[in-house]
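Engineer: Here it is: the structure, laid out below.
The values are calculated or read from the model by the stated rules, or taken from the named source; none is laboratory data. On a predicted model such as this, the values are computed, not experimentally measured, just so you know. Virtual Cβ from ideal backbone geometry, glycine too; neighbours counted across all protein chains shown. All accessible areas refer to the heavy atoms of the entire protein, side chains included, with ligands and DNA or RNA removed. Shrake-Rupley method; radii C 1.70, N 1.55, O 1.52, S 1.80 Å.
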Amino acid sequence: MSLTLRTISREQHLAYIQSLPSASHCQVPAWSDVKTEWRSENLGWFDKHGQLVGAGLVLYRQLPKIKRYLAYLPEGPVINWYAPNLDDWLQPMLAHLKQQGAFSVKMGPPVVIRRWDAPAIKSGIQDPDVKRLRDVEATHIEPRAFEVADRLRKMGWQQGEDGGAGFGDVQPRYVYQVPLANRSLDDVLKGFNQLWRRNIKKAEKAGVEVVQGGYYDLEEWQRLYEITAVRDRFRPRPLSYFQRMWTVLNNEDPNRMRLYFARHNGVNLSAATMLVVGGHVWYSYGASDNIGREVRPSNAMQWRMLRDAYAMGATVYDLRGISDSLDETDHLFGLIQFKVGTGGEAVEYVGEWDFPLNKLLHKALDMYMSRR
């Protein structure tokens with residue numbers, strides 16, 4: 001199969017993404033407008049009939065003081081990863097990026113390698129000898145994903161020595177998803193654990209309402225998000241980031257980004273942003289106040305978001321990143337504990353891969369990043 005690669009317009013890129021069941025929100029053209037500190041390019045792969053058969057959003061980050069770039073394709077490119085001739089897809093991309101001045105390429109193939117259902121994870125949590133998700137036998141293993149990883153290694157792509165704790169990559173390697181395809185909502189609710197179902201009922205009884213917000217409610221979102229940042233000790237993104245995200249994503253598609261609030265007696269207690277690309281819906285950012293937790297606003301909000309995703313015809317509701325730690329003393333353990341209550345499954349991707357086009361500069365960047 002002879003493939004050619006060239007720069008395409010945003011319109012072509014968007015039309016291609018819209019023709020697919022779904023793709024990562026990091027691979028829609030408007031994502032480049034969210035990441036303003038990077039230069040971007042839209043790439044297209046064409047077959048011998050001139051048909052567009054793959055696309056990628058590339059973000060270029062310039063190295064300080066020199067005209068050399070790190071080229072990054074977050075959760076992409078969107079190509080046929082299981083093609084027997086993966087070389088024919090990736091070699092033209094590397095040649096093109098080198099021409100553009102890239103010294104190193106980082107990409108995140110959207111290829112799932114393992115899945116663990118909730119009962120498997122629970123048994124892992126209860127077993128004192130199990131410290132990580134990968135110590136638990138996976139419920140489902142994707143043999144083709146191992147072939148993809150093998151092919152990438154043979155081509156000279158590299159991966160972080162140990163694969164890290166799941167957050168070593170820029171994008172999470174492990175995520176938590178609730179499958180919605182071919183299930184009734186009743187079936188989805190039955191998959192929730194008792195605590196979740198109890199909390200949803202509790203919120204309902206207490207009169208918690210969940211409402212959708214718009215652009216002008218982002219200031220209220222920011223208030224709750226900054227309270228969360230102080231409590232969980234992370235550096236919050238500025239309000240302008242979310243305002244830009246809302247504007248550019250919803251200009252591309254009016255249903256790309258949503259904002260939800262759970263409120264009780266007229267006071268907003270928790271909030272979340274949602275992203276939508278085709279049949280894939282993500283719970284993206286979450287925030288909550290330190291007060292009102294006893295009326296379980298977060299459970300009520302997730303249940304409403306999941307129902308809305310279902311009503312849109314989504315095939316998956318994605319609760320995004322988890323670490324692979326099942327150790328109850330780990331500060332990230334609460335993440336998986338909260339998410340596992342939805343039934344659902346933990347999903348491991350093949351992770352992010354690097355190709356050093358200039359080994360010396362790649363090594364220098366590695367050292368610079370590890371010192372930060």
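Residue-by-condition table, conditions (1) open to solvent by 10 Å² or more (accessible area, probe 1.4 Å); (2) among the aliphatic types (A, V, I, L, M); (3) touching an Asp or Glu at 6+ places or on another chain (Cβ under 6 Å):
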residue: SER9; (1), (2), (3): yes, no, no
residue: GLN12; (1), (2), (3): yes, no, no
residue: TYR16; (1), (2), (3): yes, no, no
residue: SER19; (1), (2), (3): yes, no, no
residue: SER22; (1), (2), (3): yes, no, no
residue: PRO29; (1), (2), (3): no, no, no
residue: VAL34; (1), (2), (3): no, yes, no
residue: SER40; (1), (2), (3): yes, no, no
residue: HIS49; (1), (2), (3): yes, no, no
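Engineer: With the structure loaded, tell me whether VAL277 is touching a residue at least 60 places away in the same chain (Cβ under 8 Å), of a type outside the set (Asp, Glu) and within 19 Å of LYS202 (Cα to Cα) or whether it fails that test.
Structural biologist: Values: touching a residue at least 60 places away in the same chain (Cβ under 8 Å): yes; of a type outside the set (Asp, Glu): yes; within 19 Å of LYS202 (Cα to Cα): no.
The answer is no for VAL277.
Engineer: Residue by residue through region 75-113, note down the ones that are among the hydroxyl-bearing types (Ser, Thr, Tyr) and open to solvent by 10 Å² or more (accessible area, probe 1.4 Å).
Structural biologist: Of all residues in region 75-113, those among the hydroxyl-bearing types (Ser, Thr, Tyr) come to 82, 104.
Residue satisfying the conditions is TYR82 alone.
Engineer: Out of the residues in region 225-247 that are under 14 Å from GLY286 (Cβ atoms) and more than 22 Å from the chain's Cα centre (by Cα), state the one that is surrounded by the most Cβ atoms within 10 Å (Cβ to Cβ).
Structural biologist: Filtering region 225-247 for residues under 14 Å from GLY286 (Cβ atoms) gives 225-229, 231-232, 234, 236-237, 242.
Those still in the list that are more than 22 Å from the chain's Cα centre (by Cα) too: 227, 231.
Values: ILE227: 16, ARG231: 12.
Among those residues, the one meeting the criterion is ILE227.
Engineer: Enumerate the strands (runs of 3 or more DSSP E) found wholly within region 311-370, keeping only those where 2 or more residues are more than 24 Å from THR273 (Cα to Cα) and touching a residue at least 12 places away in the same chain (Cβ under 8 Å).
Structural biologist: Those strands (runs of 3 or more DSSP E) span 353-356.
Engineer: May I ask you to list pairs of residues, at least six apart or on different chains, whose Cβ atoms are under 6 Å apart, with the first in region 112-141 being under 10 Å from ALA346 (Cα atoms) and the second being surrounded by fewer than 17 Cβ atoms within 10 Å (Cβ to Cβ)?
Structural biologist: ARG114/ILE141; ARG115/THR139; ARG115/HIS140; TRP116/THR139; ASP117/THR139; ALA120/THR139
Engineer: Out of TYR285, TYR260, report the one residue that is open to solvent by 10 Å² or more (accessible area, probe 1.4 Å), modelled with pLDDT of 95 or more and either under 23 Å from VAL188 (Cβ atoms) or not charged (D, E, K, R) (or both).
Structural biologist: Values: TYR260 fails: open to solvent by 10 Å² or more (accessible area, probe 1.4 Å).
Only one candidate passes the filter, namely TYR285.
Engineer: Does region 114-130 include one or more residues that are in contact with a strand residue (DSSP E or B) (Cβ under 9 Å, 6 or more places away or on another chain) and either in a loop (DSSP other than H, G, I, E, B) or closer than 30 Å to ASN251 by Cβ (or both)?
Structural biologist: If we filter region 114-130 for residues that are in contact with a strand residue (DSSP E or B) (Cβ under 9 Å, 6 or more places away or on another chain), which is where we start, we get 114-118, 120-121, 124.
Next, only the ones that are either in a loop (DSSP other than H, G, I, E, B) or closer than 30 Å to ASN251 by Cβ (or both) stay: none.
No, every residue in region 114-130 fails to be in contact with a strand residue (DSSP E or B) (Cβ under 9 Å, 6 or more places away or on another chain) and either in a loop (DSSP other than H, G, I, E, B) or closer than 30 Å to ASN251 by Cβ (or both).
Engineer: Still on this model: Under 9 Å between Cβ atoms, at least 6 apart or on separate chains: pull out the pairs that start in region 1-28 with a residue that is among the acidic types (Asp, Glu) and end on any residue that is at pLDDT 95 or above.
Structural biologist: What qualifies is GLU11/PRO29.
Engineer: Looking at region 171-190, is at least one residue surrounded by 14 or more Cβ atoms within 10 Å (Cβ to Cβ), of a type in the set (Gly, Ala, Ser) and more than 30 Å from LEU357 (Cα to Cα)? Please lay out each step first, then the result.
Structural biologist: Taking region 171-190 and keeping what is surrounded by 14 or more Cβ atoms within 10 Å (Cβ to Cβ), we get 171-180, 183, 188-189.
Next cut, of a type in the set (Gly, Ala, Ser) only: none.
Within region 171-190, not a single residue is surrounded by 14 or more Cβ atoms within 10 Å (Cβ to Cβ), of a type in the set (Gly, Ala, Ser) and more than 30 Å from LEU357 (Cα to Cα).
Engineer: Right, next: Conditions: (1) open to solvent by 10 Å² or more (accessible area, probe 1.4 Å); (2) farther than 26 Å from SER284 by Cβ; (3) of a type outside the set (D, E, K, R). GLY44 meets all but one. Number of the miss?
Structural biologist: Condition (1) is where GLY44 drops out.
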